[in-house]
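Okay, structure first, notes after.
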Amino acid sequence: MELRLIALPLLHPFETSFGVEAEKHCVLVRLDCEGVTGWGECVAMNGPWYSEETTGTAWHILTQFILPHVLGRDFDSAQELQGRLARVRGNKMARAALEGAFLDALARSRDRSLAHFLGGEGTEIESGVSIGIQSSPEALVAIVERELATGYRRAKLKIKPGSDIEFVRAVRLAFPEAQLMVDANSAYTLEDAEHLRSLDVFGLTMIEQPLGHDDIVDHATLSARVQTPICLDESIHSAQDARHALELASCRIINIKAGRVGGLTEAIRIHDICRNRGVPVWCGGMLETNIGRAHNVALASLPGFTLPGDISASERYFVEDIAYPNFRVSSRGTLAVPTTPGTGVEVDEQRLERVTLRRTELVA
Ligand code: OSB
Ligand code: MG
């Protein structure tokens, strides 16, 4: 087992209601098992702004509590692996990184693509873009124009108080027919319900996570007060959370991120719950490298992912990635699902070495 902390400069700084990211830091897990290698990417960021996990906490939990507990053992399924980790509370992103590496290795050992291994059916996925907060509505319109011209199926606009209604209005006026949505990353409270209701006139597909990062009660109240469907991201950490949110009518759509919910297995459980209830889901993103992006593409190939995901072409994110081939967007706004074994991407060891800040190895 190998753990690496890497730093990759982003092509463009990414601004959300919780801050600006200029450089992507993440922890990567490599598992060498019986002749195959699997890679997993931890989506925890540098600071605890999206969730409480960070690259530092993930490193700590993986090296102290997760990896030593599974090192040298045999597992035939991700369920068995997760069973071994049942004692570990929370730390979903750390846990998901290991499960991702394990599933990549397992799919490779069976000579199957990760997508097929997970039950994916599609040969391509619908791709959307997530656009950070810009300095002016005009600047935002210019970026949306470029992205839609590339072919992306929908544009997600990051919003926060002071950078919301006028920005959305400008984009909607410029692109009357485009599939648009917004993501507030918990920047509002229930007191802003009337304000958020003024978004209803723009025909947005959804408002993502307007209220508290851990809330599902106020979201239910808000959901009843606005016409635009509410989508939850930050608040959903498990299949149980998803079930609770749907029972309370806190949301009508769920953004699924394997990292946020403890791995692909739990992500698929949420997919299944939503599919049974006719609730649409889509695959979120966390500015992943091609390793995490490939895991997302595999997940998004499952049949319940009926809305375009935040899985865009590799070249939107980094000057140079650490795994290849890059994901490219077709003129129809889709990404091809790899058919080669595992995730379908291979790590460029030299490139990886150059961006590594920290490395450790555990040998059975
Ligand atoms: O809320 O969906 C989010 C990136 C980092 C943290 C949280 C979020 C995001 C994105 C980016 O929206 C999606 C992408 O990877 O392109
Ligand atoms: Mg979000």
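The values are calculated or read from the model by the stated rules, or taken from the named source; none is laboratory data. On a predicted model such as this, the values are computed, not experimentally measured, just so you know. Positions of Cβ are backbone-derived with ideal geometry, glycine not excepted, and every protein chain shown enters the neighbour counts. Please note that ligands, DNA and RNA were not included when accessible areas were found on the heavy atoms of the full protein model with its side chains. Shrake-Rupley method; radii C 1.70, N 1.55, O 1.52, S 1.80 Å.
A few comments on the model shown:
- A Förster distance of 51 Å, applied to the separation of the beta-carbon atoms of ARG169 and GLU353, puts the FRET efficiency at 0.60.
- Helix axis angle, 165-174 relative to the chain longest principal axis, alpha carbon, degrees: 90 degrees
- The Cα-based radius of gyration and maximum Cα-Cα distance (Dmax) for the range 101-201 are 18.5, 54 Å.
- The slack in the chain from HIS69 to SER330, taken as 0.36 nm per residue of separation less the alpha-carbon distance, amounts to 89.7 nm.
- Relative contact order (percent, whole number), the chain, Cα cutoff 8 Å, 6+ residue spacing: 23 percent
- Accessible area per residue, Å², the range 116-336 with all protein chains present, probe 1.4 Å: 37 Å²
- The range 7-123: Rg to Rh, with Rh as the Kirkwood radius over Cα pairs: 1.01
- With R₀ set to 45 Å, the beta-carbon distance separating GLU194 from SER109 gives a calculated FRET efficiency near 0.20.
- Inter-label distance, nm, simple model (7 Å from Cα along the C-beta direction), ASP32/ARG277: 4.5 nm
- Cα-based helix-to-principal-axis angle, 92-109 vs the chain, degrees rounded to 10: 60 degrees
- Selected from ALA267, ALA94, ALA258 as most flexible by GNM, with the chain as the system and alpha-carbon contacts under 10 Å: ALA267
- Extension gain, VAL201 back to GLU23 (0.36 nm per residue minus Cα-Cα distance, nm): 60.5 nm
- Scattering profile of the range 206-364 at q = 0.08, 0.15, 0.20 Å⁻¹ [log10 I(q)/I(0), Debye over alpha-carbon scatterers]: -0.28, -0.85, -1.21
- Between PRO137, PHE167, ALA178, the Cα set farthest toward the positive side of the dipole of the range 116-336 (charges on each charged residue's Cβ, about the Cα centre) is that of ALA178.
- Coordinate range along principal axes, alpha carbons of the range 195-270, Å, largest first: 38, 20, 17
- Legend: P(r) of the range 292-364 from all alpha carbon pair distances, 10 Å bins from 0, whole percents, reading 16, 44, 28, 11, 1.
- Between ASN185, ASN91, ASN276, the residue with the greatest mean-square fluctuation in the GNM of the chain (Cα pairs under 10 Å linked by springs) is ASN276.
- On full extension, the segment bounded by LEU362 and LEU11 gains 123.0 nm, given 0.36 nm per residue less the C-alpha separation.
- Calculated on the Cα set of the chain, radius of gyration then Dmax: 19.5, 60 Å.
- GNM flexibility winner over the chain from ASP74, ASP272, ASP183 (Cα, springs under 10 Å): ASP74
- Between helix 137-150 and the chain: long-axis angle, C-alpha atoms, 0 to 90°, nearest 10: 60 degrees
- Working from label points 7 Å from Cα in the Cα-to-Cβ sense, the HIS213 to GLU320 distance is 3.3 nm.
- Nearest-0.05 FRET efficiency for THR221 and SER135, computed from C-beta distance (R0 30 Å): 0.35
- Accessible-area order (highest first, 1.4 angstrom probe) of the listed residues ARG153, ARG108, ARG225: ARG225, ARG153, ARG108
- DSSP bridge pairs, the chain: antiparallel proportion in percent, nearest 5: 60 percent
- Counting only protein heavy atoms and a probe of 1.4 Å, the accessible surface of the range 116-336 is 50% carbon and sulfur.
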